[in-house]
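Everything on this sheet refers to the single structure shown next.
Just so it is clear, none of the values below were taken in a lab; they were calculated from the coordinates. Just so it is clear, the structure is predicted and the values come from calculations on it, not from any experiment. Cβ coordinates were reconstructed from backbone atoms using ideal geometry, including for glycine residues, and neighbour counts include every protein chain displayed.
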Amino acid sequence: MNNSLIVLSRSSLDSLLDIFIPKEIPDSAYVELSIRFQSDDLKVREFSNYLTLLDRFYGRLYYDGIYAYGHRPKAQLEINEIKKGSVEVVILESIQAVTSNPNLIIAFLLLKYLPNIIKSSAEAVKYFAESYKYYQEGSEIREKRMFRKNLRKAIQQDANLKNLNKRQIDQIIKMLESMYAKEYKRLPRAIDTAKTKIVSILLKIKKS
């Protein structure tokens, strides 16, 4: 992942892969990201903005950067299935692809923690606008420390990630924060959608 604001050590990436892709899973399997929306009163703009944010997260994780990602259709995230009932979007990637570049796992974490870290969309705009400015300047602000505290608590309470060591959690927090800050203009509506319309976000293995 060639992005100056995203730095995860090989050991942190390997730990994430070990958590979400058990060793015994065959190479023919897929990693499935499933996002289920409450269909009642779901607006097209809510739906599209949330998926656009996912696509931009994924694009920023692309090894040549989001600009190159936008000009390479084969590299872009695809929806493999939309299920009936409540609206469920399904995205599949091969085990080999995720093992090589675990961007889908990171995108899943970015969406998963989105509704828990900021109380309101208004706070999100203020916090992340300032956070991006101060992040670039290398400064520290009280709001940033509070954000990291909330995110750390969410990770430590996550049954999947709670056994990561402190250094790995610190790296993940910084990486998530930098991604949120880069997309702060899109976060308010996405946070509202996450709080009111998202029924579940799951990452699981699908055997072929």
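So here's what we get for this one:
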{"quantity": "Centroid-to-centroid separation of the stretch 36-87 and the stretch 148-208 [C-alpha atoms, Å]", "calculated": "16 Å"}
{"quantity": "Length added when fully stretched, ARG45-LYS195, from 0.36 nm per residue minus Cα-Cα", "calculated": "52.5 nm"}
{"quantity": "Unit charges at the beta carbon, dipole of the stretch 1-78: most positive-side option, VAL31, ASN49, ALA68", "calculated": "ALA68"}
{"quantity": "ARG72 paired with LYS166, simple spin-label distance in nm, labels 7 Å along Cα-to-beta-carbon", "calculated": "3.8 nm"}
{"quantity": "GLN96-MET146 FRET efficiency (beta carbon distance; Förster radius 45 Å; 0.05 resolution)", "calculated": "0.70"}
{"quantity": "Residue-span extension gain [SER11 to ILE79] - 0.36 nm each, minus C-alpha spacing", "calculated": "21.5 nm"}
{"quantity": "Highest-first arrangement of 65-74, 45-54, 8-17, where packing means the average Cβ count within 10 Å", "calculated": "45-54, 8-17, 65-74"}
{"quantity": "Cross-link pairs beyond the 19 Å C-alpha cut-off, checked among LYS23/LYS206; LYS174/LYS206; LYS74/LYS112; LYS23/LYS74", "calculated": "LYS174/LYS206; LYS74/LYS112; LYS23/LYS74"}
